[in-house]
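In what follows, a structure is listed as structure tokens, so that the remarks can point back to it.
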Amino acid sequence: MPHVLAQLNDALGAAVTVDPAALEATREDRSGWRSDSPPLAVVHAGSVDDVQAVMRIAHATATPVVVRGAGTGLAGGAIASPGAIVLDLSRMDRIIEISEADELAVVEPGVINGDLNDALAPLGLWFAPDPASRAISSIGGNIATNAGGLLCAKYGVTREAVLGLAVVLADGRLVRLGHRTVKGVTGYDLTALFTGSEGTLGVIVEATVRLRPITAGTPVTVAAAFTDVEAAAAACAAVTAARIRPAVLELMDAGVVARVAAYLGDDALAGTPLETTAPGETFLIAQADDGSAAAEAARIAELFAAAGGRVTLSHDAETGERLLDIRRAMHPALAASGQVLIEDVAVPRSALPAMFRAIEEIGARRGVEIPTIAHAGDGNLHPNFVFTGDEVPEHIWAAADEMFRAAVALGGTLTGEHGVGVLKRRWLAEELGDDVFELQRAVKAAFDPTGILNPGVMFEASAPAG
């Protein structure tokens, strides 16, 4: 498509690259999925004008566009597709405004989650969405996937933190959605619609996000080891039933604990409860963070012990952070074992024990180990499939198929925070039902009538019109 490249070069100059290494880097993310071929070109946008120029050219030439940020996605939602322009927003990384009075920030999509919080900390403010990838994932990607994380059971997923968006539509028009006010219910909530739309409706080029005051006091951390994962899951359900809402409630099964321990080594675990965890044990971490943290943590410790856990309680903030860092080491620890298909299902919190039981049964029946971690405070599980080779083996997909159906049967969903991407589109209609599935396709068509935005994500790609 030399005419498309010529137009891109004329409009954007050095921002356009066809360097083979740059093209190759866009063929995968952190999901384990790899595209069949490199894209037509990568455009490193530096401004809203750059994004509009790309979309106008793409619209006029019916060229697919894949929007990409930090490349940390876990559902294959931002990887190159054949003949596409990869629109890389990572250079749009300015914090445009921080308003202490209104407790909001205006940022470009390439701002890294952790960098925003580093800038906010001296002001006593923070951005609550807390994905495990916060040190490397971008705000734009957080919004595109409606990311969650360790703290979302108490503080909500990304949608609760997004007040407004600036979006470039498929034909290059710039629209502004939402507001800067705490309340705002004028018209349909298109801001919420775009949050979690995975680059299929438009290109997010600016976000106005809600900030929170940093919680006063020192967090109190409770850790417990259990002999089996169902007992640990039952302990989590007991916390929920007791009307306690800790900031963090994370469950690591025996497979995850073993891999994290091997990855980090003894020195990193010294002085933490994992130092004395026996082989085969599972691990729970809870953290209370408000004015009643000490009393809340003490009650959690009682519930963990009543469920059979070996409990430790720490009022030391440094120990708490070390424990959370161990939890955040899960992804690199599994990646060190081979290729990883990192899955993401959610069930009602009361169904956590049943879902862990189902995962164990599926793994045993299929001869597959499925190390699993859970944001247990909101019923969001991350079963992981480790394999060798470039392609996900069919027996892994068969096990995943059973797992997704088990989650839905328990009243759950295919994805709690990673998104559908290309990995889960085959199951989307089954969960939604035919009527809702067609309504969603109609929404996509209303915003992107020629089908050029992120083709193949959520829905099977179709040939663009025109």
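Values quoted throughout were computed directly from the atomic coordinates according to the rules given, and no laboratory measurement underlies them. Owing to the predicted nature of the structure, the values given are computational and were not obtained by experimental measurement. Cβ placement follows ideal geometry from the backbone for every residue including glycine, while neighbour counts extend to all protein chains displayed.
With only Lys, Arg, Asp and Glu charged, each at its Cβ (+1 for the first two, -1 for the last two), find how big the charge dipole of the stretch 338-450 is about the Cα centre; round to the nearest 20 debye.
160 debye
For an R0 of 51 angstrom, estimate the FRET efficiency from the Cβ-Cβ distance between Ala14 and Ala306 and round to the nearest 0.05.
0.20
So what is the orientation-averaged projected area of the stretch 338-450, using the convex hull of its C-alpha atoms, in nm²?
Here the figure is 8.1 nm², rounded to one decimal.
Treating the stretch 104-167 as a set of equal point scatterers at the Cα positions, no solvent, please give the Debye-formula log₁₀ I(q)/I(0) at q = 0.19 Å⁻¹.
One equal scatterer on each Cα of the stretch 104-167 leads to -0.65.
If I model the stretch 38-86 as equal point scatterers sitting on the Cα atoms and use the Debye formula, what is log10 I(q)/I(0) at q = 0.15, 0.24 Å⁻¹?
-0.39, -0.93
As an exercise, find the ratio Rg/Rh for the stretch 60-120 from alpha-carbon atoms, using the Kirkwood inverse-distance average for Rh.
1.11
The chain: longest stretch without exposed trypsin sites (Lys or Arg not before Pro) (DSSP loop, at most 15 other Cβ within 10 Å), sites themselves excluded?
Longest site-free region, per DSSP loop and neighbour criteria: 244-466.
Quick one, what does Rg over Rh come out to for the stretch 400-463 if you take C-alpha atoms and the Kirkwood Rh?
Answer for the stretch 400-463: 1.00.
Mind listing which GluC sites (Glu not before Pro) in the stretch 392-462 are in a DSSP loop and have 13 or fewer other Cβ atoms within 10 Å?
Here the sparse-neighbourhood loop sites are Glu460.
Can you pull the one-decimal nm distance between simple spin-label points at Ala192 and Val175, each 7 Å off the Cα toward Cβ?
Reported label-point gap for Ala192 and Val175 is 1.7 nm.
I need two numbers for the stretch 327-390: Rg to one decimal and Dmax as a whole number, Cα atoms only, in Å.
According to the Cα coordinates of the stretch 327-390, Rg and Dmax are 12.2, 37 Å.
Quick one: grab Rg to one decimal and Dmax as a whole number for the stretch 175-221, Cα atoms only, in Å.
Using the Cα atoms of the stretch 175-221, the pair Rg, Dmax is 15.2, 44 Å.
Tell me the angle of helix 394-409 to the major Cα principal axis of the chain, expressed in degrees between 0 and 90 and rounded to the nearest ten.
70 degrees
Over the Cα atoms of the stretch 135-184, Rg to Rh with Kirkwood Rh, two decimal places?
Expressed as Rg/Rh, it is 1.03.
Taking the Cα atoms only, what angle lies between the long axis of helix 229-241 and the longest principal axis of the chain, rounded to 10 degrees?
Value to nearest ten degrees: 80.
Which GluC sites (Glu not before Pro) in the stretch 24-109 pass both tests, a DSSP loop state and at most 13 other beta-carbon atoms within 10 Å?
Within the stretch 24-109, the qualifying GluC sites (Glu not before Pro) (loop, at most 13 other Cβ atoms within 10 Å) are Glu100.
Label point 7 Å out from Ala60 along Cα-to-Cβ: which residues of the stretch 1-45 have amide N under 15 Å?
Only 2-13 pass the distance filter.
Note the per residue figure in Å³ for the convex hull of the C-alpha positions in the stretch 139-230.
That works out to 142 Å³ per residue.
Work out the length of the dipole vector of the chain about its Cα centre, built from +1 on the beta-carbon of each Lys and Arg and -1 on the beta-carbon of each Asp and Glu, and round it to the nearest 20 debye.
So the magnitude is around 680 debye.
Taking 2.2 N^0.38 Å as the expected size of a compact globular protein, what ratio does the Cα radius of gyration of the stretch 128-286 give against it, to two decimals?
Compactness ratio reported: 1.32.
Relative to the longest principal Cα axis of the chain, at what angle does helix 2-12 sit, 0 to 90 degrees, rounded to 10?
Here the helix axis deviates by roughly 80 degrees.
Size of the stretch 34-193 along its principal axes in angstrom, Cα-based, largest extent first?
Principal-axis extents of the stretch 34-193 (Cα, largest first): 46, 34, 25 Å.
Given 20 °C and 1.002 mPa s, compute D for the chain with the Stokes-Einstein relation, Rh being the Kirkwood radius over Cα pairs; round to the nearest whole µm²/s.
My calculation gives 94 µm²/s for D.
For the stretch 374-420, just the Cα atoms, rotate onto the principal axes and tell me the three extents in Å, largest first.
Taking max minus min along each principal axis of the Cα atoms, the stretch 374-420 gives 34, 19, 17 Å.
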